[in-house]
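Okay, so here's the structure we're looking at.
The values are calculated or read from the model by the stated rules, or taken from the named source; none is laboratory data. Bear in mind the structure is a predicted one, so any value in this text is a computation, not a measurement. All Cβ positions, even for glycine, are placed from backbone atoms using ideal geometry, and neighbour counts span all protein chains on display. Side chains are part of the model used for accessible areas, which takes the heavy atoms of the whole protein and leaves out ligands, DNA and RNA. Shrake-Rupley method; radii C 1.70, N 1.55, O 1.52, S 1.80 Å.
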Amino acid sequence: MFLPTTPEEVRTLGWERLDVILVTGDAYIDSPFIGAAVIGKVLLAAGYRVGIIAQPATESGADIARLGEPLLFWGVTGGSVDSMVANRTAAGRKRRTDDYTPGGLNTRRPDRAVLVYSNLIRTSFKQTCPIVLGGIEASLRRVAHYDFWENRLRRSILFDAKADYLLYGMAERSVVELAGLLRTGGDPKGVRGLCYAGRELPADCLALPSFAECARDKDTFTRMFHAFYRNNDPRTARPLAQLQDSRYLIQNPPRPVPTSEELDRVHDLDYELEVHPYCARQGEVRALETIRFAIATHRGCYGECNFCAIAVHQGRTVSWRSPGSIIAEARRLAAHPRFKGIIQDVGGPTANMFGFECAIKLRQGGCPRKRCLFPKVCPHLPVDHGPQIRLLQELRGIKGVRKVVVASGIRYDMILADRQNGLPYLRELIRHHVSGQMKIAPEHSEGHVLARMGKPGADSLLRFRELFLEMNREEGRRQFLTYYLIAAYPGCTLADMQHLRRFCVDSLRLLPRQVQIFTPTPSTYATLMYWTGQNPWTGESCFVEKTDAGRNRQKEVLASGERKAGTQSWPKRPGLRKAGDE
Ligand code: SF4
């Protein structure tokens with residue numbers, strides 16, 4: 001069933017009043033890929049009456065008040081993407097389109113959606129029940145953070161939104177515990193994965209440098225970020241506190257990583273795999289088409305690319321569903337009336353992290369000063385693609401499934417590190433799971449830029465490329481690699497982009513189309529480098545291209561070549577092909 005979105009739907013369910021109302025910046029898609037739907041369904045399964053208000057009109061409080069006032073709490077999320085990232089380009093311009101909005105035009109999600117929705121609730125209901133923030137926007141702005149769009153540090157979003165609590169990370173279990181405590185009049189301040197405001201510094205907390213100290217001094221902000229980042233492992237994290245004006249932001253340690261059974265329960269809930277009719281009436285929601293017949297097999301990522309916040313949001317310990325639950329979901333998809341035989345993705349933040357983890361990490365927490373994949377794959381990580389091979393084989397055997405695509409990103413350094421099952425896995429992908437092109441994200445070619453990204457060197461890319469081409473030849477396939485690259489990353493100069501271009505021409509023998517200008521999103525190491533102009537581990541200063549013109553010039557080094565690649569004037573090298581031809 002859908003969660004109700006109108007008073008009539010609430011009445012139809014025989015409910016007098018809702019316990020929880022969720023407010024979200026996305027259209028309401030009832031899918032396990034949409035956080036608001038998952039939280040709503042988990043609460044519903046726990047016995048709470050939950051309603052949802054998707055993309056409320058913000059001109060007045062009428063829309064956000066249409067379901068009345070909940071008994072226990074309001075849950076507020078900006079949606080699947082931070083609203084500033086969803087709304088603004090890397091140059092700060094308003095985006096025209098939004099895949100999570102009916103009709104596809106970017107007309108419904110306000111900038112800083114979490115603040116706007118919280119303010120609307122406060123002005124519509126003066127003395128209301130607690131407002132609880134969640135989702136990626138709240139999670140990554142939970143302590144002092146650099147905001148690219150205002151070019152300054154901002155306080156915790158909990159304070160700016162005047163909210164009561166913030167649940168960070170993947171909050172299914174925390175939200176049920178919180179709801180239970182609010183229902184019974186208990187104190188939620190012990191819930192793991194929760195942030196709240198306090199007047200006193202709790203005795204057991206690690207005190208982070210205050211917001212004022214961080215705003216005054218970039219080195220202090222760097223120290224704060226290290227402490228924040230290192231206290232994200234559920235086995236070792238201490239509670240954190242940060243003075244912001246006259247109050248402390250207190251962050252409880254994260255929840256333990258979910259077991260397979262817990263993940264299965266979340267995914268085995270009854271999802272409609274549709275846009276709610278209230279939103280569907282307003283137009284097509286494009287995001288549904290990429291997630292309706294996709295399957296998430298695991299969560300978390302130990303890749304820790306420095307421009308990515310997944311390690312801060314989902315954690316660097318991977319947990320995965322049981323094959324039985326995944327197969328059962330695939331069978332349900334195959335029986336769906338709209339299913340055309342193609343499972344659009346089987347993966348997670350990184351496709352090939354399914355089914356194994358480091359025993360040391362599971363026992364005592366991730367190494368605080370060592371990474372699992374950088375500078376090379378840690379020998380303690382038992383990389384094994386066997387479980388994923390077996391899973392993919394089973395999925396292919398389901399009646400009604402013609403093709404199973406692996407569209408999530410692949411870590412090719414892990415394929416190369418798996419002596420037993422790495423190459424069989426790659427062959428499996430090439431034979432069955434690549435739809436003409438495999439997307440990979442080397443991001444750059446220059447060693448010092450890659451080191452600042454926390455990405456493997458270009459040598460492993462070239463080894464992987466050779467293997468990919470050779471296997472395609474052996475299998476009689478004409479498939480190619482699509483490369484994703486970043487321009488204007490901290491430390492990257494125009495000369496580095498020219499070297500990257502030369503690398504693409506000489507070694508990849510094409511000019512990739514997928515070049516993004518780096519956007520400093522909240523709570524990543526890359527954003528810290530952008531703001532401070534320093535390598536946070538060595539203290540060395542590094543060049544950062546901050547002007548729009550300079551950032552565009554970096555992109556143009558590749559993009560202009562790409563345009564010429566479509567003409568006779570570029571390139572004149574025999575055998576050089578456009579992206580997509582490999
Ligand atoms: S031992 Fe290696 S794989 Fe395990 S947590 Fe530490 S760095 Fe990661």
task: From largest accessible area down, sort L558, L469; use a 1.4 Å probe on the protein chains.
output: L469, L558
query: From a point 7 Å beyond the Cα of H336 in the direction of its Cβ, which residues of region 1-24 have a backbone N at a distance under 20 Å?
result: 1-4
field: Cα centroid separation - region 266-305 against region 1-24, whole Å
entry: 21 Å
Gain upon complete extension [Q282, R93; 0.36 nm per residue less C-alpha separation]: 65.5 nm
task: Output the relative contact order of the chain, whole-number percent, from Cα pairs under 8 angstrom with separation of 6+ residues.
output: 11 percent
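Mind checking the per residue accessible area of region 127-278 for me, 1.4 Å probe, whole number of Å²?
Here the per-residue accessible area is 40 Å².
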message: For T97, what accessible surface area do you get with a 1.4 Å probe? Give it in Å², rounded to 10.
response: 60 Å²
- request: Mind checking which of I21, A212, G347 is farthest towards the positive end of the chain's charge dipole, using Cβ charges of +1 (Lys, Arg) and -1 (Asp, Glu) about the Cα centre?
  value: G347
In Hz, Karplus ³J(HN,Hα) per residue of region 110-126 (6.51, -1.76, 1.60; θ = phi - 60°; x = Gly, Pro): x, 4, 6, 4, 4, 5, 4, 5, 5, 5, 4, 5, 4, 7, 7, 10, 4
- request: With an 8 Å cut-off on Cα pairs and a minimum separation of 6 or more residues, tell me the relative contact order of region 10-122 in percent.
  value: 31 percent
field: Accessible area in square angstrom per residue, region 293-435, 1.4 angstrom probe
entry: 41 Å²
- prompt: Counting each DSSP H run of 4 or more residues in the chain as -39500 (n - 2.57), what helix-only mean residue ellipticity at 222 nm follows after dividing by all residues, to the nearest 500 deg cm²/dmol?
  reply: -9500 deg cm²/dmol
- request: Working with all protein chains in place, sort K218, K455 by solvent-accessible area computed with a 1.4 Å probe, largest first.
  value: K218, K455
message: Please compute the modelled spin-label separation between A495 and D219, points set 7 Å along Cα→Cβ, answer in nm with one decimal.
response: 2.8 nm
query: Could you give the nm distance between label points at Q514 and S124, where each point is 7 Å from its Cα heading toward the beta carbon?
result: 3.9 nm
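Starting from the Cα-Cα distance between W149 and A549, subtract it from 0.36 nm times their residue separation and give me the gain in nm to one decimal.
142.4 nm
Relative contact order of region 293-435: what whole-number percent is it, with Cα pairs under 8 angstrom and at least 6 residues apart?
Numbers: 230 pairs, mean separation 38.5, N = 143.
That works out to 27 percent.
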statement: In nm, the gap between the two label points placed 7 Å beyond Cα toward Cβ at D245 and R396 is 5.9 nm
task: Give me the percent of the accessible area of the chain that comes from carbon and sulfur atoms, probe 1.4 Å, all protein chains in place.
output: 51 percent
query: Accessible area of I486, 1.4 Å probe, to the nearest 10 Å²?
result: 20 Å²
- request: Apply 1/(1 + (r/R0)^6) to the Cβ-Cβ distance of T538 and D268, taking R0 = 56 Å, and write down the FRET efficiency to the nearest 0.05.
  value: 0.75
- request: Would you please give the residues with an amide H less than 5 Å from that of L18, counting only those at least 5 places away or on a separate chain, with H modeled from the backbone geometry?
  value: L71
- prompt: Which distance in Å, rounded to a whole number, links the C-alpha centroids of region 461-515 and region 31-54?
  reply: 42 Å
message: 5 Å is the cut-off here: which amide hydrogens, built 1.01 Å from N in the peptide plane, fall below it relative to Y484, excluding neighbours closer than 5 in sequence?
response: I440, A441, E443
message: Report, to one decimal in Å, the Kirkwood hydrodynamic radius for region 7-196 based on all distinct Cα pairs.
response: 16.7 Å
Whole-Hz couplings from phi, Karplus 6.51/-1.76/1.60, listed for region 303-310; x for Gly and Pro: x, 6, 4, 6, 9, 10, 9, 4
task: Return the whole-Å distance between the Cα centroid of region 345-360 and the Cα centroid of region 55-88.
output: 33 Å
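Considering only the other residues whose Cβ falls under 12 Å of the Cβ of I136, what net charge follows from Lys and Arg at +1 and Asp and Glu at -1?
Overall, the nearby charge balance is -1.
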